[in-house]
């Protein structure tokens with residue numbers, strides 16, 4: 001029996017070398033639980049707002065409140081991440097997110113929840129995520145080193161996107177049986193393993209922190225760096241297109257499920273899970289492409305732009321989708337956003353092809 005367990009461990013290390021690093025195991029297993037709770041809350045939060053308001057436009061404003069802070073603060077967060085202890089920053093943000101979840105739970109269970117309460121708490125969540133998301137992405141290399149970075153990125157992306165699939169499906173079941181407050185309660189509890197895991201992590205700093213210059217100059221240096229790397233720039237622009245027009249399903253799906261399919265909360269959760277499968281493949285590809293081509297000294301700033309590219313674009317997409325559906329209906333919103341995504345990606349591919357052709361002609 002012991003020999004079988006040992007053999008299984010060796011096989012897992014060969015398949016997933018990143019898991020041979022104790023620090024990464026603490027980080028990854030904690031996030032397996034936490035991210036599941038995060039997607040449960042996100043699903044429940046959207047349904048709560050739609051239940052309170054029955055308005056696609058107000059549902060769109062929720063997205064503006066939640067992702068607007070990412071648009072405003074991500075670039076500044078990237079500079080701070082490159083200068084400070086990523087571990088301490090992630091512990092702080094995860095603790096704040098846990099408090100936010102329990103506050104939302106208390107408001108729902110007390111019967112006093114109002115639309116503006118959810119907006120304010122969504123803005124707080126967005127503010128914390130503007131730091132937390134790029135900090136977690138940048139922290140991975142400190143846990144595994146460069147040799148196993150590719151595998152660690154794949155595992156990290158896989159658990160994020162698997163939670164995107166499983167979280168809404170589980171939330172759909174719990175919403176019907178126990179109500180939205182229970183989903184917020186579960187999410188609050190889910191932060192405990194990841195915070196514990198972070199305290200258990202021991203590592204030596206890579207010594208590649210950015211120089212202590214002016215924040216604006218550091219931001220500009222990061223943007224110039226991205227511009228100088230065509231592979232990173234192309235991935236970022238693709239994220240902007242998808243983040244604006246294809247990641248607003250949190251707004252579209254509740255309305256579509258209720259008004260078109262008449263499936264209620266359960267149908268909403270399962271539809272969101274199905275869409276998460278396609279997002280998983282796209283985000284894993286883009287994340288790996290960026291992380292493998294970025295210098296360590298710019299990693300925090302580049303990953304903050306990565307976060308900005310999809311999460312920061314979502315307020316515009318949510319407002320756009322909400323406005324279209326409020327005026328023309330749920331089916332129109334779905335079709336218009338899908339067409340806009342396709343046209344944006346096609347324009348990006350055409351621009352990349354034209355730029356590469358011009359470069360080739362100049363060289364000859």
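Restricted to segment 332-346, and to residues there that are in contact (Cβ under 8 Å) with a residue 40 or more places away in the chain and more than 23 Å from residue 56 (Cα to Cα), the residue that is surrounded by the fewest Cβ atoms within 10 Å (Cβ to Cβ) is 345. Based on what the data block shows, is residue 128 under 20 Å from residue 36 (Cβ atoms), touching a helix residue (DSSP H, G or I) at 6+ places or on another chain (Cβ under 7 Å) and modelled with pLDDT of 95 or more? Against the criterion (under 20 Å from residue 36 (Cβ atoms), touching a helix residue (DSSP H, G or I) at 6+ places or on another chain (Cβ under 7 Å) and modelled with pLDDT of 95 or more), residue 128 does not qualify.
I'd like to know if segment 156-175 contains one or more residues that are surrounded by fewer than 18 Cβ atoms within 10 Å (Cβ to Cβ) and more than 16 Å from the chain's Cα centre (by Cα). Yes - at least one qualifying residue is present in segment 156-175.
For residue 88, the requirement of being surrounded by fewer than 18 Cβ atoms within 10 Å (Cβ to Cβ), within 26 Å of residue 194 (Cα to Cα), more than 19 Å from the chain's Cα centre (by Cα) and at pLDDT below 85 is not met.
Out of 182, 191, 199, 178, one residue alone is touching a helix residue (DSSP H, G or I) at 6+ places or on another chain (Cβ under 6 Å), at pLDDT 80 or above and surrounded by fewer than 21 Cβ atoms within 10 Å (Cβ to Cβ). It is 182. The set of residues in segment 47-83 that are free of Cβ contacts under 8 Å to residues at least 12 places away in the same chain and under 16 Å from residue 304 (Cα atoms) is empty.
Residues checked against (1) more than 15 Å from the chain's Cα centre (by Cα); (2) at pLDDT 90 or above:
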position: 5; (1), (2): yes, no
position: 11; (1), (2): yes, no
position: 17; (1), (2): yes, no
position: 20; (1), (2): yes, no
position: 24; (1), (2): yes, yes
position: 41; (1), (2): no, yes
position: 46; (1), (2): yes, no
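The values are calculated or read from the model by the stated rules, or taken from the named source; none is laboratory data. These numbers come from a predicted model, not from an experiment. Positions of Cβ are backbone-derived with ideal geometry, glycine not excepted, and every protein chain shown enters the neighbour counts.
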